[in-house]
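Engineer: Below is a structure I'd like to ask you about.
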Amino acid sequence: MSAPPEKTLKTLSGNWKLNKSLSDDISPVLELQGVNTLLRKAISAASVHLRISQVSENEIHIAQTATAAGIPGTTEQYILDYQWRENNDPFFGQIKGRSRWIDRSEVDEEGLFGQAG
């Protein structure tokens, strides 16, 4: 997805659509996550849309819909306080994660983040 220049990581609110010509294929990632071949093909063919509501600098809500083959949409809430939270995702099942802002200096040349605290 590409953004206009006035959008930053801390001003993400809006409706976004995946531009497949500028994106890598998601199939290898889904395969690593154990998603079966038929579903991976349907997801790869889907049109992906995000609706992002940035409640504050430290709270982001993302509603994702994929329009193809009846793939259900998901809604994710990111509270950027680095606290573990659990969620029952309709696609991936029970998941656990945490989120926070990091400084660009904490990411190496390959886009890898150092040891998480």
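The values are calculated or read from the model by the stated rules, or taken from the named source; none is laboratory data. Here the structure is a predicted model, which means the values were calculated and not measured. With ideal geometry, Cβ positions are generated from the backbone for all residues, glycine too; neighbour counts draw on all protein chains shown.
Engineer: Could you grab me the full set of residues in segment 33-54 that are more than 16 Å from the chain's Cα centre (by Cα) and in a helix (DSSP H, G or I)?
Structural biologist: T37, L38, L39, R40, K41, A42, A45
Engineer: How many residues, within segment 96-117, are modelled with pLDDT of 75 or more, closer than 24 Å to L18 by Cα and of a type outside the set (D, E, K, R)?
Structural biologist: 3
Engineer: Is it the case that segment 74-83 has a residue that's at pLDDT below 80, part of a loop (DSSP other than H, G, I, E, B) and either loosely packed, with under 14 Cβ neighbours inside 10 Å or not acidic (D, E) (or both)?
Structural biologist: no
Engineer: Quick one: how many residues across segment 12-23 are free of Cβ contacts under 8 Å to residues at least 40 places away in the same chain, closer than 29 Å to N58 by Cβ and either surrounded by 14 or more Cβ atoms within 10 Å (Cβ to Cβ) or acidic (D, E) (or both)?
Structural biologist: So the answer is 2.
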